[in-house]
Structures are given as structure tokens and as C-alpha cells.
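**Q** I'd like to ask some things about the structure below.
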Amino acid sequence: MVTRQQIGVIGGGQLAWMMAIAAKNLGLHLAVQASSPDESAVPIADRVIYGKVADAIATAQLAEHCQVITFENEFVDLVALQELLDHQGDRQLLFLPKLETLAISVDKLNQRQHFRDHHIPTPEFYSVETETELLDAATKLNYPLVLKARRHGYDGKGTWVIANEIELQSAWESMHKAPAIAEKFIPFESELAVIAARSESGAISIYPVVETLQTNQVCRRTVAPARIAPSIREQVETIATQIVTTLDAIGVFGIEFFLTATGEISVNEIAPRTHNSGHYTIEGCRTSQFEQLLRVVSGMDLGDVAMVANVALMVNLLGYEKATWTSSEKSIENSRYAEKLKVIANFPNTHIHWYNKTSSSVGRKLGHVTILAERHDLAIDLSDRIESIWYGN
């Protein structure tokens, strides 16, 4: 039973765009808070409020048209959102995930502390706010180590793998000595991820565990299901359930893991929203991660997360040049990438999602392709061919 029909999303990019498509299929009204008319979700949303993600005035305007507001990314102003809640009066505005959950999940130090306090495996870490703390952490961890900004990092931005003190000082300067964490470098064999959904009633659904393949800390591919032992899959599912339960999380969460050659699992980080590692669910599962989030925030029961094919492999279409094009050129038919997209569209069992962005830069996510296959080797072979076309001359 749907209890809320008017849904708001802070953010107007590709995640909100895919959510808007799912909302239409569910008969829900979706309003987005977009920073500009060029954002992907603007043409398809039922209502658009303009304002940057941290613009609480725009969020107050968004709230006038919504019963519940969810999030496309973590760059929100939590203090301002709490003030907005405090001054709602008789109106029952709801943020999902709750602001208390976001306060932990959007800050990497708070995440790590939560994991430690609840005995969730995570790399050794230290809070860094001064140069003295930075050097002290390096002494305790030894090199290599990882330095991360506590907030606003994504796709490798705000994260440095440090090999020596010179690189440590350089990274510290480049992040303008903002609050950070230093953590132990994990020599992982593979990176895993999972999408976990939890409803207001406490019901939990865990999507299939996937492998993510990264290049320069940006995801290039997601392989579902992961080629791992059942015992590893069970450990990941148990940890994911523990995370969303201890956070009292309501919504959809992307959780990333490290897996070492000796079978040790540790949590890298969590995202309190739909996640790139879950894009394969649109064609690959009975309920996509975007529909699932809408089901949670609208008050519906959780959907079935079973896969509809033996294998689903998602290939990110990343920008490989710096370019801009006008609004009239935004469609697949007229973009710079049109010829390559047309070739890829002719491959069997492939599904293209093009985000209709107005500019490209190296590494920027412009779209993705999902491949459905009977076997992993067939999906990987096809993904190799797609990447060869996309990144080739």
C-alpha cells in the first residue's frame, strides 16, 4: 500500500534521472532539486526546484511539494536540513534516510568509528586534523597508507594512496589541510559491493554481491553475481545486514568491501543512496535499486531482488575527452559519441543508458551499458568489445 505519493529528491543528476523513470512506472510524483536546467533528471521530473545540493532554501521550496525527501548524493548541509525539520510546525516533513543516519554515513570518520564500535571489520584508521596528527598516523600505519577527506569525496576525488612522506605532505596540502582520516592500505585481491535496502518496518533485502573493477579509483565495470565462494558471499551479506541495522537505516545503501587473497573482508565505505555498483539491477533484477528506494520512501513493501539472468555485467561509459555540446545535441542520436553508441546498441543482450549530459571530461560518467548473459565469460568478452569500441580511436 502506497502511503506517500509525493516524493522529493535532492539532486538532479543521473541517479535522480533513473529514479524519475522508475517513479513513472510506479505512478509516483517525483520532484527534484537540480542545480541547473542541464542536469539529467530535469526533463523527466514532474517538478523541478533549482538550487545547489546544499541550498536549504531550495530544499524548503522542494518540501512544499513533497511528503518525503530522499537524496541523490551526500553533499547536503545537515545542519540546515535539521533546522528545516525543526521549523516545520504542524507539517510532517520526512527525510529518508534519516538525518541521524546521514550524519554517520556522509562522514568517513563517523563511518569508521561506527564500524569499530559495532565490531564491523574495517581498516585501521586515525583522525587527522593537524600536521602532527598526520605524521603520527603515518608512523603508526607505515607506508603505503590511504589519506581520505572526511566529506565530499567520490570517484577517487578526495582519496590518495600514499607511498612516502613527500606524497603525504603533497596530498595534505592539496586538500587544504581539511579534516581527514589516515587508514591502513589493504592489499586487496578484489573489490566487492552490495546494495542493501531496509524499510521503515525493519525489513531488509540484500541484492546479489558484485565485483567492481576500478581504474584510477573510478568504477569501470560491475559483475553480478561476484565470482566468489559461498562463504564469502554469506559474510558480505551478514555484514551488510549488520550495517543497515545498526545505523537504523531506512532507504537504499551502497556498501563497498575489500577482499584479500587470504579471504579477509573489510568494509571500505558506504553510500546512503543508490549507487553505481547497483545500476545492473535495472535490467538484471526483478526490482531495480531505484524502484526499491521509491518503494521504501513511499511506504510500499520491498520488491523482489532476484536476478532475471545468470549474469549481469555493467560497463560504465566514461568520458575520454574534454568536450561540450548544446542542448539540441544531447540525445544519443546527435551526441559526439553517437557512432560508437550505435555500434554498441547492435550487440545482443545489451541495454544502453545515456545520461544526456552537456559536457564530457576524462573519467566523467556519461552513461552505462548493461549486458545480460548465460555465463560470466560471455559477458566479459562482450564488455571487452564494448570498451574497445568506446575507448578506441
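We did not get these values from a lab; they are worked out from the coordinates using the rules stated. None of these values were measured; they are calculated from a predicted model. Cβ: placed from backbone, ideal geometry, glycine included. Neighbour counts: every protein chain shown.
**Q** Which residue fluctuates most in the GNM of the chain (Cα springs below 10 Å): ASN142, ASN268, ASN346?
**A** Evaluated over the chain, the most mobile residue of the options is ASN346.
**Q** Quick check on the chain: helices-only [θ] at 222 nm, where DSSP H runs of length 4 and up contribute -39,500 (n - 2.57) each and the sum goes over total residues. Nearest 500, please. Walk me through the intermediate numbers first.
**A** Working: 12 runs with 123 residues, N = 393.
After summing the helix terms and dividing by residue count, I get -9500 deg cm²/dmol.
**Q** Let me ask you something else. Among VAL236, VAL296, LEU318, whose Cα sits farthest toward the positive end of the charge dipole of the stretch 233-322 (+1 at Cβ of Lys/Arg, -1 at Cβ of Asp/Glu, about the Cα centre)?
**A** LEU318
**Q** In addition: How would you classify the stretch 174-264 from its alpha-carbon gyration tensor, with a ≥ b ≥ c the square roots of the eigenvalues: rounded for a/c under 1.5, else prolate if a/b is greater than b/c, otherwise oblate?
**A** Here the stretch 174-264 falls in the oblate category.
**Q** Using alpha carbon centroids, what distance separates the stretch 15-89 and the stretch 334-370, in Å?
**A** Result: 26 Å between the Cα centres.
**Q** Follow-up. Can you give me the Kirkwood hydrodynamic radius for the stretch 1-76, using every pair of distinct Cα atoms, in Å to one decimal? Spell out each step's value before the answer.
**A** On the way: mean 1/r = 0.0844 Å⁻¹.
After inverting the mean inverse Cα-Cα distance, the result is 11.8 Å.
**Q** Quick one: go through the stretch 1-28 and flag any residue whose amide nitrogen is under 20 Å from the point 7 Å out along the Cα-to-Cβ line of ASP38.
**A** Under cut-off, by backbone N: 11-18.
**Q** Let me ask something else about it. Quick check: Cα centre of the stretch 106-136 to Cα centre of the stretch 253-320, how many Å?
**A** 25
**Q** Related question: Suppose each label sits 7 Å from its Cα in the direction of the beta carbon; what would the ALA261-ALA178 distance come out to in nanometres?
**A** A separation of 3.6 nm, rounded to one decimal place.
**Q** Sticking with this structure for a sec: Expected output is a single nm value to one decimal: the length gained when fully extending between THR139 and GLN5, i.e. 0.36 nm times separation in residues minus the C-alpha distance. What is it?
**A** On the way: separation 134, 0.36 × 134 = 48.24 nm, distance 5.39 nm.
This chain segment gains 42.9 nm when fully extended.
**Q** Same structure again: With a cut-off of at most 13 other beta carbons within 10 Å, and DSSP calling the residue loop, which trypsin sites (Lys or Arg not before Pro) in the stretch 226-283 qualify? Please list them.
**A** Working: sites: ARG227, ARG233, ARG273; in loops: ARG227, ARG273.
Here the trypsin sites (Lys or Arg not before Pro) that fit, given the DSSP loop and packing criteria, are ARG227.
**Q** Charges on Cβ only, +1 for Lys and Arg, -1 for Asp and Glu, centred on the Cα centroid of the chain; of GLY202, ASN216, ALA22, which one is farthest towards the dipole's positive end?
**A** ALA22
**Q** Also, quick follow-up: The stretch 112-170: which GluC sites (Glu not before Pro) are DSSP loop and have at most 16 other beta-carbon atoms within 10 angstrom? Don't skip to the answer; put the middle values down first.
**A** On the way: sites: GLU124, GLU129, GLU131, GLU133, GLU165, GLU167; in loops: GLU124, GLU129.
Sites meeting the loop and neighbour criteria: GLU124, GLU129.
**Q** Right, here's the next one. Hey, can you rank 193-199, 37-43, 51-57 by average C-beta count inside 10 Å, highest first?
**A** 193-199, 37-43, 51-57
**Q** Given charges of +1 on the Cβ of Lys and Arg and -1 on the Cβ of Asp and Glu, with all other atoms neutral, how large is the dipole of the chain about its Cα centre, in debye to the nearest 20?
**A** Using Cβ point charges on Lys, Arg, Asp and Glu, the chain gives about 760 debye.
**Q** Can you list the aspartates and glutamates whose alpha carbon sits under 16 Å from that of LYS52, skipping same-chain ones fewer than 8 residues off?
**A** Reachable aspartates and glutamates: ASP38, GLU39, GLU72, GLU74, ASP77.
**Q** A follow-up question, please. To the nearest 0.05, what FRET efficiency results for HIS65 and HIS152 with a Förster distance of 30 Å applied to their C-beta separation? Before the final figure, lay out the partial values.
**A** Numbers: r = 27 Å, r/R0 = 0.92.
With a Förster radius of 30 Å, E is 0.65.
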